[in-house]
1. Based on what the data block shows, is LYS391 open to solvent by 30 Å² or more (accessible area, probe 1.4 Å) and over 19 Å from the mean Cα position of the chain (by Cα)?
2. How many residues are open to solvent by less than 50 Å² (accessible area, probe 1.4 Å) and among the acidic types (Asp, Glu) when one looks only at region 413-445?
3. Of all residues in region 123-145, count the ones that are outside any helix (DSSP H, G or I), open to solvent by 30 Å² or more (accessible area, probe 1.4 Å) and not polar (S, T, N, Q).
4. Only residues that are in contact with a helix residue (DSSP H, G or I) (Cβ under 9 Å, 6 or more places away or on another chain), part of a helix (DSSP H, G or I) and not small (Gly, Ala, Ser): list them for region 146-188, please.
5. Pairs under 8 Å by beta carbon, first residue closer than 11 Å to GLN41 by Cβ and touching a residue at least 60 places away in the same chain (Cβ under 8 Å) in region 144-167, partner part of a strand (DSSP E or B) and open to solvent by 10 Å² or more (accessible area, probe 1.4 Å), six or more apart or different chains?
6. For region 480-512, which residues satisfy the criterion of being of a type in the set (Gly, Ala, Ser) and either in contact (Cβ under 8 Å) with a residue 60 or more places away in the chain or buried (at least 19 other Cβ atoms within 10 Å of the Cβ) (or both)?
7. Could you list, in sequence order, all residues of region 361-388 that are under 27 Å from LEU527 (Cα atoms) and either basic (Lys, Arg) or open to solvent by 30 Å² or more (accessible area, probe 1.4 Å) (or both)?
8. Inside region 41-122, counting only helices (runs of 4 or more DSSP H) that do not spill past its ends, which hold 1 or more residues that are open to solvent by less than 30 Å² (accessible area, probe 1.4 Å) and of a type outside the set (A, V, I, L, M)?
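The values are calculated or read from the model by the stated rules, or taken from the named source; none is laboratory data. Everything numeric in this text was worked out from a predicted model, so none of it was measured. Positions of Cβ are backbone-derived with ideal geometry, glycine not excepted, and every protein chain shown enters the neighbour counts. Surface areas here come from the heavy atoms of the whole protein model, side chains and all, with no ligands, DNA or RNA. Shrake-Rupley method; radii C 1.70, N 1.55, O 1.52, S 1.80 Å.
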Amino acid sequence: ITLIPALFWIVKASAPGMIEATLTRQNISENSNMNDIQIRQGTQLPDKKLIDRAPSVLFVTPVSPAVKVWRSLPYGERVRERRRRSGRAGQNNDIFSTDLSNERGTQVLHVPFNPQSSSFECLGRAREAIAKLAESDPSEYLIVLGGLAEDDNRRVAEALVAAALARAATLPSFKSKPKKAARLKRIRLMGAQTNDRLARTQAEANGNALARELSVLPPNDLTPTTYRKRVEVLAKQYGWSMNFLDQKTLKRRGAGAFLAVVQGSPVPDAGIVHLSYRPKSGRGRGRVALVGKGICYDTGGVNVKPNKFMLGMHEDMQGSAVALGTLLALTELEVDFSVDCWLAIAMNHIGSRAYQPNDVVKAADGTTIEVIHTDAEGRMVLADTLTFASKRNPSVIIDYATLTGACVYSLGKSYSGVFSNQDDWMNLLIEAGRDSGERVWPFPQDEDYDRALESSVADIRQCSVDGEADHIMAARFLRRFVKNDTPWVHIDLAASSRRGGLAHIPTDTTGFGVRYTLELLLSKDLLARTV
């Protein structure tokens, strides 16, 4: 695995009103290559000579732009007239394409932007536009923004960059004859307002790309052993301290819930990875703990899954990948608070030693648990991991897990479920989803749900017998392992995988959660609410 520094800037004035920023993106997959992308943004509009040299250009305007907007754009009036003649002038939501009669035959794409659209809609629109732009010139994107109000200008530019970087991420491929796709080298934003948000967009893109790269790796490639080795390389590269709690250590610490899940594995390589980032200023203004479910493959255990539901279970570690990607993004941004990242890495195997229904095990906090269904393994490994994370007294814990089918049945795959032990955070959690474009929806956690988890032989059942409202039951179960009244957010990643992608992400594997978490921590300043 070859790694390079994931993000650095070379900023210089390349032309009046034009700023050039060189972003180096990295991919950690063995099948990926380094991808250097230049991002240039400036307030000036291009002239016709620049358009004539380009194979394609994207014009972004308000819906039904005024004549003066078209006149400000090179060849704008010609595009406007062709759109009118096509009979699509009044179709404000479509992307119009026409070729200029210049020597290059430049393709012009016109995308009307509705400032009333949600962040999710804006990102989806950006993905659609970038896909069209990439058809004729996948190596360089020339984007011209005309007639948009300042805030709308920045918003649409950020969405287009997010979509472009998401598309540019190179995911692992194991085809014997892979397609040689052209790599994106440059994004040029013209007519763009100064946009400080782009640095965060790029960090989010790196974190999301990392989450997706790890998640799509096949289970014979990403085992607990190889996963840990990849993390070790990243920890060294980014200066994170790293501690691995192996099975012997977990046994000494009484982590019976975690160990029950892994006792059927033929290789004793499971464990909990603990990574730490510390700001240069010291401890900083608080400490965030990110916790992720990292089941590298989930057979269901003794309660084995049928074929249809076992396919894709190599992505049952996506919660840990999102936690790791979030840590990477926050590190690149050099945030002024501490971050701990806990990855519960394991396999849920079938075997003669595998745990089984009616077993009673003791978690690290002393809670005895009656096993009901061995396919509810995620909450078992997270129980002990949450205990260890919360006993270190972080300011807040955020955990990520592809935890329950019930959450998918409740929301579909366009939203993820969110839970918290802080009732007054609910509106904030929803707003962070709306503003980031990674949408979440909360569920109730009333104490009477605990009746379904009552056991006659142990302190608690692992899950209910009938499986009703399992996403809520799982959250109620996990909540009791969050110690010291630590503020806690649990994200059940229903939107981790969606056919055709989601918002600005073009792949089925979405890496949902990185962008959401940065919105929650940086824009909404969640830490300020924990004081």
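1. Working: open to solvent by 30 Å² or more (accessible area, probe 1.4 Å): yes; over 19 Å from the mean Cα position of the chain (by Cα): yes.
Against the criterion (open to solvent by 30 Å² or more (accessible area, probe 1.4 Å) and over 19 Å from the mean Cα position of the chain (by Cα)), LYS391 qualifies.
2. So the answer is 1.
3. Quick first cut of region 123-145, residues outside any helix (DSSP H, G or I) only: 137-145.
Filter again for open to solvent by 30 Å² or more (accessible area, probe 1.4 Å), leaving 138-140.
The next check asks that each one be not polar (S, T, N, Q); those that pass are 138, 140.
Number satisfying all stated conditions: 2.
4. ARG154, ARG155, VAL156, GLU158, LEU160, VAL161, LEU165, ARG167
5. Short answer, once both residue conditions are applied: ALA157/GLN41.
6. Within region 480-512, the first condition is being of a type in the set (Gly, Ala, Ser), and the residues that meet it are 494-497, 500-501, 503, 511.
Residues satisfying the conditions are ALA494, ALA495, SER496, SER497, GLY501, ALA503, GLY511.
7. ASP365, ARG379
8. Working: elements: 48-53, 67-72, 76-85.
Counting at least 1 such residues, we get 67-72, 76-85.
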